[in-house]
């Protein structure tokens, strides 16, 4: 196991490229989401192995609901299945998203906006489901706190799929996060992607503007 002097306490994960991967492999766009579940659990094992204390995964957003119904059904099903599988692991799960919207899956409401311990709770895992950054920030005006206030600031964000944007991913918590891009699509996840990100992180500036 490779040793690192600096390991991010909290990593954001944007698992992008599922639809493009599906098309590249002769499948329908909606078929890509199911192939994104297993990579998440491979990454989960690496997070534990390298001592990362917290990770936030981007599930789906309010804007993703603009996609055709087959794709909406597919990514919603994948999110539910991922949480069901995680319930058999060791993690403290927090699902954050707008539960008042009909797009929020009924099966995940029992995990919504509160942390639930699975097993021995070795890592804090946050899952953004039907997340909307405007809804999140609106909490400041309405209640004096973010809707995602229980998620701490991120040290690094890793995005698969080659896109160079945050796509509304926790704008407050990502304010000083270092942003690492993996060009490969998420279903093609390899441990080397994560290790390369940690190697890159060793030389990142940590002055926070000072």
Subset of region 27-60 [more than 19 Å from residue 124 (Cβ to Cβ) and surrounded by fewer than 21 Cβ atoms within 10 Å (Cβ to Cβ)]: 27, 28, 29, 31, 34, 35, 37, 38, 39
Residue in region 85-112 that is nearest to residue 47 (Cα to Cα), counting only those that are under 15 Å from the mean Cα position of the chain (by Cα) and not in a strand (DSSP E or B): 86
Residue in region 68-84 that is part of a loop (DSSP other than H, G, I, E, B) and out of contact with any helix residue (DSSP H, G or I) (no Cβ under 6 Å at 6 or more places or on another chain) present: yes
Failed item in (1) out of contact with any strand residue (DSSP E or B) (no Cβ under 8 Å at 6 or more places or on another chain); (2) in contact (Cβ under 8 Å) with a residue 24 or more places away in the chain; (3) exposed (fewer than 15 other Cβ atoms within 10 Å of the Cβ), with residue 135 passing the rest: (3)
Enumeration of residues in region 62-95 that are loosely packed, with under 14 Cβ neighbours inside 10 Å and either touching a strand residue (DSSP E or B) at 6+ places or on another chain (Cβ under 8 Å) or within 20 Å of residue 148 (Cα to Cα) (or both): 63, 87, 88
The one condition in (1) assigned to a loop (DSSP other than H, G, I, E, B); (2) on the phi > 0 side of the Ramachandran plot that residue 146 fails to fulfil: (2)
Region 138-148: number of residues that are surrounded by fewer than 18 Cβ atoms within 10 Å (Cβ to Cβ) and touching a helix residue (DSSP H, G or I) at 6+ places or on another chain (Cβ under 7 Å): 1
Cβ-Cβ under 6 Å pairs, at least 6 apart or on other chains, region 35-53 side at positive phi and in contact (Cβ under 8 Å) with a residue 12 or more places away in the chain, far side part of a loop (DSSP other than H, G, I, E, B) and surrounded by 13 or more Cβ atoms within 10 Å (Cβ to Cβ): 51/7
Condition broken by residue 2, with the remaining ones in (1) in contact with a helix residue (DSSP H, G or I) (Cβ under 7 Å, 6 or more places away or on another chain); (2) without any contact (Cβ under 8 Å) to a residue 40 or more places away in the chain; (3) farther than 21 Å from residue 125 by Cβ satisfied: (2)
Residue check for residue 122: assigned to a loop (DSSP other than H, G, I, E, B), surrounded by 15 or more Cβ atoms within 10 Å (Cβ to Cβ), at negative phi and more than 17 Å from the chain's Cα centre (by Cα): yes
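Values in this text are rule-based calculations from the coordinates and carry no lab data. Because the structure is a prediction, the values reported are computed rather than measured. Neighbour counts are summed over all protein chains in view; Cβ atoms, including those assigned to glycine, are modelled from backbone coordinates with ideal geometry.
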